[in-house]
1. For region 236-247, name all the residues that are among the hydrophobic types (A, V, I, L, M, F, W, C), farther than 14 Å from G398 by Cα and either open to solvent by 80 Å² or more (accessible area, probe 1.4 Å) or not in a helix (DSSP H, G or I) (or both).
2. Picking from D101, D152, which residue would you name as being among the acidic types (D, E) and within 16 Å of T181 (Cα to Cα)?
3. Name the residue, out of N250, N281, that is out of contact with any Gly (no Cβ under 9 Å at 6 or more places or on another chain), open to solvent by 60 Å² or more (accessible area, probe 1.4 Å) and at pLDDT below 95.
4. Could you check I96 against (1) open to solvent by 20 Å² or more (accessible area, probe 1.4 Å); (2) out of contact with any Cys (no Cβ under 8 Å at 6 or more places or on another chain) and say which number it fails?
5. Give all pairs with beta carbons closer than 8 Å in which a residue from region 140-163 that is open to solvent by 20 Å² or more (accessible area, probe 1.4 Å) meets a residue that is of a type in the set (D, E) and away from the ligand (no atom under 16 Å from the Cβ); count only pairs at least 6 apart in sequence or on separate chains.
6. Please pick out the residue among V348, V405, V297, V355 that is of a type in the set (V, I, T) and in contact with a Pro (Cβ under 9 Å, 6 or more places away or on another chain).
7. Can you name the residue in region 96-131 that is of a type in the set (S, T, N, Q) and at pLDDT below 95 and, of all such residues, is farthest from the ligand (Cβ to nearest atom)?
8. For region 208-230, which positions are aliphatic (A, V, I, L, M) and surrounded by fewer than 19 Cβ atoms within 10 Å (Cβ to Cβ)?
Amino acid sequence: MPTTTMSARVDAGELTVIGGGGHVGIPLVLSFADAGFRVNVNDVNRAVLEVLRAGRLPFVEHGGEALLAKALKEERLTFTSAPADISTGGPVIITIGTPIDEFLNPVRRVVQDCIDALLPHLADGQLLILRSTVFPGTTEWLDGYVKRKGRDLKVAFCPERVVQGQGIKELRETPQIVSGTTAAAQDEAAKLFAAIAPEIVVVAPKEAELAKLFNNAYRYIEFATANQFYLIAKSAGLDYRRIHDAMKHNYPRARTVPSPGLSAGPCLVKDTMQLAAFAQNQFSLGNAAMLVNEGLVLHICDDLARRYELSRMTVGLLGMAFKADIDDTRASLSYKFKRALANHADAVLTTDPFVTTDPDLLPLDDVVARSDLLILCAPHSAYRDLELGGTPVVDIWGFLTKANVIR
Ligand SMILES: NC(=O)c1ccc[n+]([C@@H]2O[C@H](COP(=O)([O-])OP(=O)(O)OC[C@H]3O[C@@H](n4cnc5c(N)ncnc54)[C@H](O)[C@@H]3O)[C@@H](O)[C@H]2O)c1
């Protein structure tokens, strides 16, 4: 497998990032700007562009503020929202969302609509890089589609693999998988990413597409394994944290066993389902992982409903983001908890120190003071040493140090 650490850097010219105001787009834009590029931040969401232009980030991206201030000061960013405003002089990287539909199948139309809008404004010979996570075969399909329209573009797929909120740091540390439909596309994409990535790994487009999906599905299955272990221990009346600690202690082969917890967010389940669709719904491990990860919430609700008179109780949910120390609520299982508990409890109160988009959130102190029972949904660092009095807390994660955790 060709893998290179490239030292030769491309001329830092201009590039366009479509979806440049999104979760993948912003760290990418800022990393390229930091590497000396001028970046055209193209996004249909004008409000997000205004926030960026004003020197603020629309969501938590650790280390992003300083890079944004530097990029704005050095006048490296332009903000555009129409396809006609993309730059014809440099590469175009697509980072738009790629959802799945009600049948849990990918929606290729999203990519096609985006390309249809861009095509009249792209110059022949230009490098077009897909970075969104796509259904295997999409890159080759795109190459054929462009050719059928009589256009000659260099088409590449270079997946994003950073963890949300840590993109700036991880882009510097994560090998970049690069693929192209021609040698020229592949080489040009490799040169471009060598400016920001520590290492380039070159494979064919479908291999790159599958590598990205396998990365995410594997992670999702790992979480499901931990969650199923947790449920097995719980059903046996045992404290899984003690077992988890014992099995990992100085035992290298268990080093990577994750903590149980809510496995949510916009990518892991979606990408596992894309892979299932690609495998003709024969991805039994992936489907089983979904049953476990999505079922965990309902299992805990059921268990609490059996053990407590919830209809007389107020339940407080700590952490509504889909994971720790970020503000993103997309596909957060905290909201599945909220809905499921609403069927049982007298009241459900919610709080989160990061989330700014949910008007129902209350200050932490209020939620703690008013709740008869608490559930740790997102293990934000700020919660670790919380003194919660004697209020019982469900802590799937095994995260809290001073709480009255119930098994
Ligand atoms: N969020 C992550 O951490 C992460 C990590 C790796 C891969 N991915 C993948 O990256 C892709 C993007 O995810 P995201 O979380 O950044 O989504 P996002 O919704 O945060 O960002 C997408 C951005 O694209 C913009 N957009 C949509 N259509 C557009 C168009 N036609 N022209 C210009 N702008 C347009 C949106 O306004 C939005 O700002 C998805 O395929 C996702 O699976 C995400």
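The values are calculated or read from the model by the stated rules, or taken from the named source; none is laboratory data. If you're wondering where the values come from, they're calculated on a predicted model, not measured in any experiment. No Cβ is skipped: glycine too gets one built from the backbone with ideal geometry, and neighbour counts run over all protein chains shown. Areas reflect the complete protein model, heavy atoms only, side chains present, ligands, DNA and RNA absent. Shrake-Rupley method; radii C 1.70, N 1.55, O 1.52, S 1.80 Å.
1. Residues of region 236-247 that are among the hydrophobic types (A, V, I, L, M, F, W, C), as a first pass: 236, 238, 243, 246-247.
From what is left, the residues that are farther than 14 Å from G398 by Cα are 236, 247.
Listed by number, the list holds a single entry, A236.
2. Numbers: D101 fails: within 16 Å of T181 (Cα to Cα).
From the options D101, D152, the qualifying one is D152.
3. Numbers: N250 fails: at pLDDT below 95.
Of the residues listed, the single one that is out of contact with any Gly (no Cβ under 9 Å at 6 or more places or on another chain), open to solvent by 60 Å² or more (accessible area, probe 1.4 Å) and at pLDDT below 95 is N281.
4. Failed condition: (2).
5. Within 8 Å, the pairs are R151/D124; D152/D124; K154/E188.
6. Details: V348 fails: in contact with a Pro (Cβ under 9 Å, 6 or more places away or on another chain); V297 fails: in contact with a Pro (Cβ under 9 Å, 6 or more places away or on another chain); V355 fails: in contact with a Pro (Cβ under 9 Å, 6 or more places away or on another chain).
After applying the criteria, what remains is V405.
7. In this case the residue turns out to be N105.
8. In the first step, residues of region 208-230 are kept if they are aliphatic (A, V, I, L, M); the result is 208, 210-211, 213, 217, 221, 224, 226.
Residues satisfying the conditions are L210, A211.
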